[in-house]
């Protein structure tokens, strides 16, 4: 038998081969470990694509249910451990503001508020995103602040970081309590200068814009803001035309030469052939001349059903991607791609486009005081300038922009400031009834007689 001779080069290559194979596998494993992110099924909640979808109910509250083409995680109402959706919610496009926004914006960080039915100081300040520690100090140290009454006015000033600097409570025409922050504590003082209340009737006509002409007529910025908020659901102030007219009755209180309290008693605005009225009731809210509500109710959630929150509202959040302290100005709902997104109220679409790290992005203006935004959408179903109704489908949720998982980021802004949409006090569309309505109708009749143009 002929002897087989092995080539030295072939033999060397043969012995080197296992080493190269092991090295390649090792590199692959390292890269896989570094780059791979496990799929977290607990982040996925599916909201049905139609109300007629057939579902299979399973007793296990954390089981998955197949509905049409996707999956829903059953939520039993018990809070899960908080999980932060890794996303960045910073749209490139800013919402264009007008002169009405400038008034509502409170650029000096001062807010004037009239107490209405159901209000508590804690809820009011929390709604305006005042520092929680300051709220706690103020309300626990000064127990008398629990005695706020309907119709009374409060005023407060914050710094740019939402820390409370001063708080004023107008108890009566000659009694004002003032709480000033000194260091990390609040100090109480009072003013007892006798005020001079006076009802003032102010009339005007539109020549350029409501804000400009209202100022010329003698209304203050705060009074203009109260008017626009009272009628924000019934009248688009931007559509007032030249020769339209307005008249307002304002109760003003002066302490010396300083205007300390201004309350809108009633207002009438004539837009073309139509009249719009807002008249103050004893509960601190405004109604039309028939006692019907001027407000519009809101949905709490922009989805067909409540979904699990994967990242909560947190103005001092440590961002999960950048590691920087970055406010999370909304709430993230853990929903799968393609979940219908609904408008929480009637409004006008002001932005509907791809916008930087926010991905596909929608902003809707509701009246003058409220704004909602929806981010990381898979598909946008509306256009800028479009009027939408409460509950209308405006988009499908997704994972666009700077986001590592499918979810819906939802924000609510009141007076151009972000608030927690899950806890914010939302307007309720309820008219007056019974004795309260009868009392109001008598008052409205008297006020209306003074609102002649």
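Checking each residue in region 230-243 for being surrounded by 20 or more Cβ atoms within 10 Å (Cβ to Cβ) and either assigned to a strand (DSSP E or B) or out of contact with any helix residue (DSSP H, G or I) (no Cβ under 6 Å at 6 or more places or on another chain) (or both) picks out 230, 231, 232, 233, 235. The single condition from (1) touching a helix residue (DSSP H, G or I) at 6+ places or on another chain (Cβ under 8 Å); (2) over 30 Å from residue 132 (Cβ atoms) that residue 252 fails is (1). When residues in region 145-165 are screened for being surrounded by 11 or more Cβ atoms within 10 Å (Cβ to Cβ) and outside any loop (DSSP other than H, G, I, E, B), 9 of them pass. Residue count for region 286-311 under the criterion of being in contact with a helix residue (DSSP H, G or I) (Cβ under 9 Å, 6 or more places away or on another chain), within 17 Å of residue 448 (Cα to Cα) and surrounded by fewer than 21 Cβ atoms within 10 Å (Cβ to Cβ): the result is 4. Of all the listed residues (389, 383), the sole one being touching a residue at least 24 places away in the same chain (Cβ under 8 Å) and either within 30 Å of residue 224 (Cα to Cα) or touching a helix residue (DSSP H, G or I) at 6+ places or on another chain (Cβ under 7 Å) (or both) is 389. Contact list please: Cβ distance under 6 Å, first residue in region 212-237 and closer than 12 Å to residue 202 by Cα, second residue part of a helix (DSSP H, G or I) and at pLDDT below 90, pairs at least six apart or on different chains. From region 212-237, the pairs are 224/103.
The values are calculated or read from the model by the stated rules, or taken from the named source; none is laboratory data. Predicted model only: the values in this text are computed from it and were never measured. All Cβ positions, even for glycine, are placed from backbone atoms using ideal geometry, and neighbour counts span all protein chains on display.
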